[in-house]
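The values are calculated or read from the model by the stated rules, or taken from the named source; none is laboratory data. Quick caveat: nothing in here was measured; it's all calculated off a predicted structure. All Cβ positions, glycine included, derive from the backbone under ideal geometry; neighbour counts span all protein chains shown.
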Amino acid sequence: MKTNYSALGISSFFIKKGVSPLKLQKLLYYSQLWFFVKNDRMLFDDKIQAWIYGPVVYDVWANFKFMKRSSIIPSSRAVVLNLDDIIVNHLNDIWLSYGHLTGSDLVDLTHNDLPWKNSRKGLLGNQPSDKEVIINKDTTVDFTLDSYNRIPVVITQNTLGYFSNF
């Protein structure tokens with residue numbers, strides 16, 4: 001399995017599903033976080049920053065900064081990338097768990113997560129920051145897979161969600 005994907009490459013998976021730049025950023029964050037929880041390593045090498053509206057991968061933001069936050073990114077902006085089956089399955093799980101939520105829902109959700117909250121400590125709510133969101137065993141303690149190694153499907157605006165029977 002390839003280990004060094006870029007966040008921009010991973011973005012293509014979600015862009016093909018029809019997402020806004022805001023939603024894309026939060027899906028990348030959850031993709032990275034849950035991949036770490038499941039595999040004890042990162043999905044992509046890019047750093048995630050703790051911006052006001054939640055986690056952001058700067059290089060991905062720079063590619064879509066010309067768009068409004070809520071506009072759907074054209075699928076023509078997706079890059080062709082051959083992802084390993086394990087990665088595709090993981091991203092499908094992320095989509096199943098979070099894809100039904102809006103970008104704004106995901107902002108609220110990320111603001112309750114320990115990795116983002118720790119990175120924003122000492123900052124005012126509206127204070128810009130490029131601090132890195134730290135994803136490690138300490139900050140992901142609240143993220144637990146079920147006995148089938150599945151990610152919980154979020155049905156409310158908290159990270160506890162529920163486990164579906166799919």
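Output yes when any residue across the range 15-30 is out of contact with any helix residue (DSSP H, G or I) (no Cβ under 9 Å at 6 or more places or on another chain), of a type outside the set (Val, Ile, Thr) and more than 21 Å from Ser129 (Cβ to Cβ), and no when none is. Outline the logic, then answer.
Here is the first cut: in the range 15-30, the residues out of contact with any helix residue (DSSP H, G or I) (no Cβ under 9 Å at 6 or more places or on another chain) are none.
Checked against the condition, which is being out of contact with any helix residue (DSSP H, G or I) (no Cβ under 9 Å at 6 or more places or on another chain), of a type outside the set (Val, Ile, Thr) and more than 21 Å from Ser129 (Cβ to Cβ), the range 15-30 yields no hits at all.
Residues that are among the small types (Gly, Ala, Ser) and crowded, with 16+ Cβ neighbours inside 10 Å within the range 113-128 comprise just one, Ser119.
Scanning the range 1-51 for residues that are in a loop (DSSP other than H, G, I, E, B), among the aliphatic types (A, V, I, L, M) and more than 23 Å from Asn82 (Cβ to Cβ) gives a single hit, Ile48.
Of all residues in the range 64-89, how many are in contact with a Lys or Arg (Cβ under 7 Å, 6 or more places away or on another chain) and over 20 Å from Pro21 (Cβ atoms)?
First pass over the range 64-89, keeping only residues in contact with a Lys or Arg (Cβ under 7 Å, 6 or more places away or on another chain): 75, 78, 84.
If we keep only those that are over 20 Å from Pro21 (Cβ atoms) too, we end up with 84.
Matching residues across the range 64-89 total 1.
Pairs meeting the criteria (first residue in the range 70-92 and over 21 Å from Lys38 (Cβ atoms), second residue among the charged types (D, E, K, R) and modelled with pLDDT of 85 or more, beta carbons under 8 Å, at least 6 apart or on different chains) are Ser75/Lys16; Ala78/Lys16.
Answer yes or no: is there a residue in the range 59-72 that is touching a strand residue (DSSP E or B) at 6+ places or on another chain (Cβ under 9 Å) and at pLDDT below 95. Walk me through it before giving the result.
First, pick out the residues of the range 59-72 that are touching a strand residue (DSSP E or B) at 6+ places or on another chain (Cβ under 9 Å): 61.
Filter again for at pLDDT below 95, leaving none.
Checked the range 59-72: no residue is touching a strand residue (DSSP E or B) at 6+ places or on another chain (Cβ under 9 Å) and at pLDDT below 95.
Residues in the range 58-112 that are of a type in the set (S, T, N, Q) and assigned to a loop (DSSP other than H, G, I, E, B) were compared, and the one that is surrounded by the fewest Cβ atoms within 10 Å (Cβ to Cβ) is Asn82.
For Ile134, the criteria (1) farther than 21 Å from Val37 by Cβ; (2) surrounded by 13 or more Cβ atoms within 10 Å (Cβ to Cβ); (3) without any contact (Cβ under 8 Å) to a residue 60 or more places away in the chain; (4) aliphatic (A, V, I, L, M) hold in every case but one, which is (1).
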